[in-house]
Structures are given as structure tokens and as C-alpha cells.
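J.: One structure, as C-alpha cells, below. Some questions next.
The values are calculated or read from the model by the stated rules, or taken from the named source; none is laboratory data. No experiment lies behind these values; they were computed from the predicted model shown. Heads up, the Cβs are rebuilt from the backbone with ideal geometry, glycines too, and the neighbour counts pull from every protein chain shown. What goes into the accessible areas is simple: the full protein's heavy atoms, side chains included, and nothing from ligands, DNA or RNA. Shrake-Rupley method; radii C 1.70, N 1.55, O 1.52, S 1.80 Å.
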Amino acid sequence: MHKNDAAQRCASKGNEMRKISEIDDGTYERPFGGFIDMRRQQVRVLRAHDRRVDEDMFVVTSMSDNREMLVPGDALNPHPTDPETNVEFVARMMEGSRTGVLMQAFVLEAVAKYSELVKQMPQDQRDRMNAGMIAYAPWERCADEALQLFADRKAERG
């Protein structure tokens, strides 16, 4: 798929694109006129530029000072239309939530509670899991690891 086609599809569907990317060094246009010099840094991708989608242009904001700028997709790494990885998704959830740091507590609590539920899973559910795509034993190892990480963190913090 051509990047411009993907950008057009993103623009027509809304913000279905990667939210965090890294900008290359360069001079970029401001949305309301003027230019800005930028050094390589992380930026938040706000949207495909609605009037210049055919040019593969995106409106981004600096993570450090919220300056908006227009940036060509090829100056962003990874490109905003590349799929977001699971790690990037969780980081975005934890760092960019409208509920702030409460989301961090929510996600950590959810992982801890689900890990406990996995460990307490009745045998009939374990058997059904074993017949599926992921067997119970590796899922239980993940739960054990998560619970150990929480315990280690609690011990480090006293």
C-alpha cells in the first residue's frame, strides 16, 4: 500500500494511526504560517493534514513544548500509518491518557488482578484453555512472572 493512500484512509477514518513517532532533523512548516527548526526528537502525531493528505503531510506536536508543525511522512520514523506495536500501545495508554496517572494505576492493577485470576483458574477452565491456541501452562508462567515483578517492585520500595 502506498503511504499516501494510507494517509488518505487515516484522514477519512479519523485518527487511526500511530500516535508517537520520531522526527528527523530539519526545518518544518507551522500550520498557521512560518517555519520551525527541529532537532531529532519524539513527536505526537495529531492527524493527517486535512488539506494536504495527497502530499503525505501530518500535523505533529513536539513532546517537549507542544509546538505544532506540518511534517512529511517520510521525515517521521516510524511512518504514522505503520501499525503501532503492543509495547507502543501500552506506553501510549500509560503516558498519554486523558485520565492522567490514574490510568497507570488502573493498568497495573488490571495486570495484577488478572494474574491472580489466572492462578486461581478452576481445572475445567484450564482444560478448555489447553484445547485452545494458548495452553494454560505458558499463561500461568506469565502470571507468575507478572506477580513476581510486582512483588520485587514492592520489596524495592519498602
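J.: For VAL53, state whether it is at pLDDT below 85, of a type in the set (A, V, I, L, M) and either over 19 Å from the mean Cα position of the chain (by Cα) or open to solvent by 100 Å² or more (accessible area, probe 1.4 Å) (or both).
T.: On the way: at pLDDT below 85: yes; of a type in the set (A, V, I, L, M): yes; either over 19 Å from the mean Cα position of the chain (by Cα) or open to solvent by 100 Å² or more (accessible area, probe 1.4 Å) (or both): yes.
For VAL53, the condition - at pLDDT below 85, of a type in the set (A, V, I, L, M) and either over 19 Å from the mean Cα position of the chain (by Cα) or open to solvent by 100 Å² or more (accessible area, probe 1.4 Å) (or both) - is met.
A quick yes/no check of all residues on (1) at pLDDT 90 or above; (2) open to solvent by 90 Å² or more (accessible area, probe 1.4 Å):
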| position | (1), (2) |
| --- | --- |
| GLY96 | no, no |
| GLN104 | yes, no |
| LYS113 | yes, yes |
| GLU116 | yes, no |
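J.: Quick one: is GLU68 of a type outside the set (Phe, Trp, Tyr), over 30 Å from ALA143 (Cβ atoms), under 21 Å from the mean Cα position of the chain (by Cα) and modelled with pLDDT of 75 or more?
T.: In short, yes.
J.: Taking region 24-41 as the region of interest, how many residues are in contact with a Lys or Arg (Cβ under 7 Å, 6 or more places away or on another chain) and either surrounded by 12 or more Cβ atoms within 10 Å (Cβ to Cβ) or aliphatic (A, V, I, L, M) (or both)?
T.: Matching residues across region 24-41 total 2.
J.: Run down ALA91, ALA110 and say which single residue is touching a residue at least 60 places away in the same chain (Cβ under 8 Å) and closer than 30 Å to ILE20 by Cβ.
T.: ALA91
J.: Okay, next question. What tally of residues in region 116-129 results from selecting those that are within 28 Å of ALA151 (Cα to Cα) and not in a loop (DSSP other than H, G, I, E, B)?
T.: The initial filter retains those residues of region 116-129 that are within 28 Å of ALA151 (Cα to Cα), namely 116-123, 125-126, 129.
In the following step, the residues that additionally are not in a loop (DSSP other than H, G, I, E, B) were identified as 116-119, 123, 125-126, 129.
Summing the residues that are within 28 Å of ALA151 (Cα to Cα) and not in a loop (DSSP other than H, G, I, E, B) in region 116-129 gives 8.
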